[in-house]
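Undergrad: Take this structure, written in structure tokens, and hold onto it; I'll ask about it next.
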Amino acid sequence: MATEGKLIAQNKKARHDYHIEETYEAGMILTGTEIKSLRNGRGNLKDSFARVSNGEVWLHNMHISPYEQGNRYNHDPVRTRKLLMHKKEISKLIGLTKEKGYTLVPLKIYIKNGFAKTLLGLGKGKKKYDKREDLKKKDAKREIQRAFKDQQLGR
């Protein structure tokens, strides 16, 4: 799914640690200082995850730095934030996350039409050998690109 607007944060490690099978876009409920801080690019998805509880989707451990001009109205940087999704999508996620090994991983945070959005990936954890295999493929692809580039330049 292509994101529109300004990319705030990206979880690059997620695709390394999980097989992402589906992606979902979700809105976020934020306080005033949180959205201002995000618009300044002060968000971090490291170690964050999403969980479905009581028919609602919640984002845990996402860090949004306090807003510099926020004074006493500032927020807790790692508070749990509610995500907004359609009821059908949430009920589908409830069924899928109850299966063994599936988890909701936030992949990206971006601003779309003035609203903060999260791209959630439904992923299954990779084993160590899967990660090694991906690294080998990536290295091989890089070598092929380098050889092709050298051939084009006539070296």
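Undergrad: What about K112, is it within 13 Å of Y24 (Cβ to Cβ) and either at pLDDT 85 or above or open to solvent by less than 50 Å² (accessible area, probe 1.4 Å) (or both)?
TA: no
Undergrad: A further question on this structure: Restricting to region 109-130, count the residues that are more than 14 Å from the chain's Cα centre (by Cα) and either more than 18 Å from I20 (Cα to Cα) or of a type in the set (F, W, Y) (or both).
TA: 5
Undergrad: Does region 139-155 include one or more residues that are at pLDDT below 90 and either in contact with a helix residue (DSSP H, G or I) (Cβ under 7 Å, 6 or more places away or on another chain) or of a type in the set (S, T, Y) (or both)?
TA: Scanning region 139-155 turns up no residue that is at pLDDT below 90 and either in contact with a helix residue (DSSP H, G or I) (Cβ under 7 Å, 6 or more places away or on another chain) or of a type in the set (S, T, Y) (or both).
Undergrad: In region 81-96, how many are of a type outside the set (V, I, T), farther than 18 Å from L7 by Cα and buried (at least 17 other Cβ atoms within 10 Å of the Cβ)?
TA: Within region 81-96, residues that are of a type outside the set (V, I, T), farther than 18 Å from L7 by Cα and buried (at least 17 other Cβ atoms within 10 Å of the Cβ) number 3.
Undergrad: Here is a further query. Within region 54-80, how many residues are within 23 Å of K124 (Cα to Cα) and either surrounded by 17 or more Cβ atoms within 10 Å (Cβ to Cβ) or touching a residue at least 60 places away in the same chain (Cβ under 8 Å) (or both)?
TA: Residues of region 54-80 within 23 Å of K124 (Cα to Cα): 54-62, 80.
Adding the requirement that they be either surrounded by 17 or more Cβ atoms within 10 Å (Cβ to Cβ) or touching a residue at least 60 places away in the same chain (Cβ under 8 Å) (or both) leaves 57, 59, 62.
Of the residues in that region, 3 qualify.
Undergrad: Take the residues in region 3-35 that are modelled with pLDDT of 85 or more and more than 12 Å from the chain's Cα centre (by Cα), then tell me which one is farthest from I111 (Cα to Cα).
TA: The qualifying residue farthest from I111 (Cα to Cα) is E21.
Undergrad: Could you figure out which of (1) closer than 17 Å to L83 by Cβ; (2) assigned to a loop (DSSP other than H, G, I, E, B) isn't true of A26?
TA: Status for A26: all satisfied but (2).
Undergrad: With respect to S48, is the statement that it is in contact with a Ser or Thr (Cβ under 8 Å, 6 or more places away or on another chain), of a type in the set (S, T, Y) and surrounded by 15 or more Cβ atoms within 10 Å (Cβ to Cβ) true?
TA: Here the answer is no, as S48 does not meet what is asked.
Undergrad: Looking at K87, K46, K100, can you tell me which residue is of a type in the set (K, R) and over 29 Å from K128 (Cβ atoms)?
TA: K87
The values are calculated or read from the model by the stated rules, or taken from the named source; none is laboratory data. For clarity, every value in this text was computed on a predicted model and none was experimentally measured. Glycine also receives a Cβ, built like all others from the backbone with ideal geometry; neighbour counts cover every protein chain displayed. To get the accessible areas, we keep the full protein, side chains included, count just its heavy atoms, and leave off ligands, DNA and RNA. Shrake-Rupley method; radii C 1.70, N 1.55, O 1.52, S 1.80 Å.
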